[in-house]
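Student: First the structure, then my questions, so here it is.
Where a number appears in this text, it was derived from the coordinates with a stated rule and is not lab data. Computed from a predicted model, the values in this text were never measured in an experiment. In this analysis, Cβ positions are derived from the backbone assuming ideal geometry, glycine residues included, and neighbour counts consider all displayed protein chains.
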Amino acid sequence: MKCLSCNIDLSWRYSIKAVEADRPIYYSYQWWECKKCGEKYYGILEESKVNIFNDDLIHTGYRVKPADWEESLQWAKKCPEPDIDSCNCAIHKELPPAGFYGEQAWYTY
């Protein structure tokens, strides 16, 4: 993924894995940033395992306000097991965080 402002590759900062309660759909809620200009992005990687022969992946990104990004990142880092999609902490129960969307920056599948 590239920054919308300066077209530089984005750097991954953090992610939390989650699974939908009633369907085999797995999510990775992600925090990305541009090391050059400081733009901040959220990413949502969605993996559907409905058909075991055809895993569908969708990766959507959103440019967001730096203050919102930083606040949500600090909130997410309170999760004790971000790599465990079945973690039962308060953070996982509230995913995605309020306002986890913004100006669409990318959409890939």
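Student: Considering every residue within the stretch 66-74, establish whether at least one is free of Cβ contacts under 8 Å to residues at least 60 places away in the same chain and not in a helix (DSSP H, G or I).
Tutor: Within the stretch 66-74, not a single residue is free of Cβ contacts under 8 Å to residues at least 60 places away in the same chain and not in a helix (DSSP H, G or I).
Student: Which ones in the stretch 20-56 are loosely packed, with under 15 Cβ neighbours inside 10 Å, more than 17 Å from residue 105 (Cα to Cα) and of a type in the set (A, V, I, L, M, F, W, C)?
Tutor: Of everything in the stretch 20-56, those that are loosely packed, with under 15 Cβ neighbours inside 10 Å, more than 17 Å from residue 105 (Cα to Cα) and of a type in the set (A, V, I, L, M, F, W, C) turn out to be 21, 50, 52, 53.
Student: If you don't mind, there's one more thing I want to ask. Could you list, in sequence order, all residues of the stretch 88-109 that are farther than 16 Å from residue 33 by Cα and touching a residue at least 24 places away in the same chain (Cβ under 8 Å)?
Tutor: Within the stretch 88-109, 91, 92, 95, 96, 97, 99, 107, 108, 109 meet the criteria.
Student: Then there's this: Please go through the stretch 1-42 and pick out each residue that is touching a residue at least 60 places away in the same chain (Cβ under 8 Å) and under 9 Å from the mean Cα position of the chain (by Cα).
Tutor: 14, 15, 16, 17, 27, 29, 41, 42
Student: Would you check if there is a residue in the stretch 46-55 being at positive phi and over 13 Å from the mean Cα position of the chain (by Cα)?
Tutor: no
Student: Please determine, by comparing only the residues of the stretch 61-88 that are surrounded by 17 or more Cβ atoms within 10 Å (Cβ to Cβ) and in contact with a Phe, Trp or Tyr (Cβ under 8 Å, 6 or more places away or on another chain), which one is nearest to residue 1 (Cα to Cα).
Tutor: Checking each candidate, the answer is 61.
Student: Looking at (1) free of Cβ contacts under 8 Å to residues at least 40 places away in the same chain; (2) assigned to a helix (DSSP H, G or I); (3) in contact with a Cys (Cβ under 6 Å, 6 or more places away or on another chain); (4) not hydroxyl-bearing (Ser, Thr, Tyr), can you tell me which one residue 81 breaks?
Tutor: In the conditions (1) free of Cβ contacts under 8 Å to residues at least 40 places away in the same chain; (2) assigned to a helix (DSSP H, G or I); (3) in contact with a Cys (Cβ under 6 Å, 6 or more places away or on another chain); (4) not hydroxyl-bearing (Ser, Thr, Tyr), residue 81 misses (2) alone.
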